[in-house]
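Undergrad: Let me give you the structure first, and then I'll get to my questions.
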Amino acid sequence: MATFIGLLKFTVKGAEDYRESPDRERQFAATAEGKGLSNILAYWTIGSYDGVLLFDAENDETASRAMLELAGEGYVSVEALMRAFNQTEFSSVIGSVG
């Protein structure tokens, strides 16, 4: 499994219905395991982004598909999807540099 970070912004629709955001996150988390995601953590933020999702996915395609489906609901736009490496993983990357 690979770890990903998604940076989210409310759409106009999402901003209008912000009070429902925690319920939508619970629904997303409940269905995400069936779509190949696990260890889902959601945070609402102040500043340039309205939210951050951290999750594990089988591969890049699975993570991308999940974020496209999330954005397709119309409440958030996915501003960035980033692959994240823990210390062990990054040490392996460094070790493979020629």
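Undergrad: What net charge is computed for the residues neighbouring Thr11, neighbours being all others with C-beta under 14 Å from the C-beta of Thr11, Lys and Arg scored +1, Asp and Glu -1?
TA: -3
Undergrad: Calculate the all-directions average of the projected area of the chain's alpha-carbon convex hull, and give it in nm². Show your work: numbers first, answer last.
TA: Details: hull surface 27.8 nm².
So the Cα hull casts an average projection of 7.0 nm².
Undergrad: For every helix of n ≥ 4 consecutive DSSP H residues, a contribution of -39,500 (n - 2.57) applies; sum these over the chain, divide by its total residues, and give [θ] at 222 nm rounded to the nearest 500 deg cm²/dmol.
TA: Values: 4 runs with 39 residues, N = 98.
Computed ellipticity for the chain at 222 nm equals -11500 deg cm²/dmol.
Undergrad: Could you tally the net charge around Ser48, taking each other residue with its Cβ under 13 Å from the Cβ of Ser48, Lys/Arg +1 and Asp/Glu -1?
TA: It works out to a net charge of -1.
Undergrad: Can I ask one more? What list do you get for Met67, Met82, Met1 if you sort them by fewest beta carbons within 10 Å?
TA: Ranked by crowding around the Cβ, least crowded first: Met82, Met1, Met67.
Undergrad: Using a 7 Å offset from the Cα along the Cα-to-Cβ direction at both Asp23 and Gln87, what is the distance between the two label points in nm, to one decimal?
TA: Taking the two extended label points, one gets 4.2 nm.
Undergrad: Please list, by residue number, every one of the GluC sites (Glu not before Pro) in region 53-98 that is coil in DSSP and has at most 15 other beta-carbon atoms within 10 Å.
TA: Of the GluC sites (Glu not before Pro), the ones in loops of region 53-98 whose Cβ has at most 15 other Cβ atoms within 10 Å are Glu58, Glu73.
Undergrad: Under the 0.36 nm per residue contour assumption, what length would be gained going from the current alpha-carbon distance of Ile94 and Ala80 to full extension?
TA: Contour length minus Cα-Cα distance gives 2.6 nm.
None of the figures in this text is laboratory data; all of them are computed from the coordinates on show. Values in this document were obtained by computation on a predicted structure and should not be read as measured data. Every residue, glycine as well, gets a Cβ built from its backbone with ideal geometry; the counts of neighbours run over all protein chains shown.
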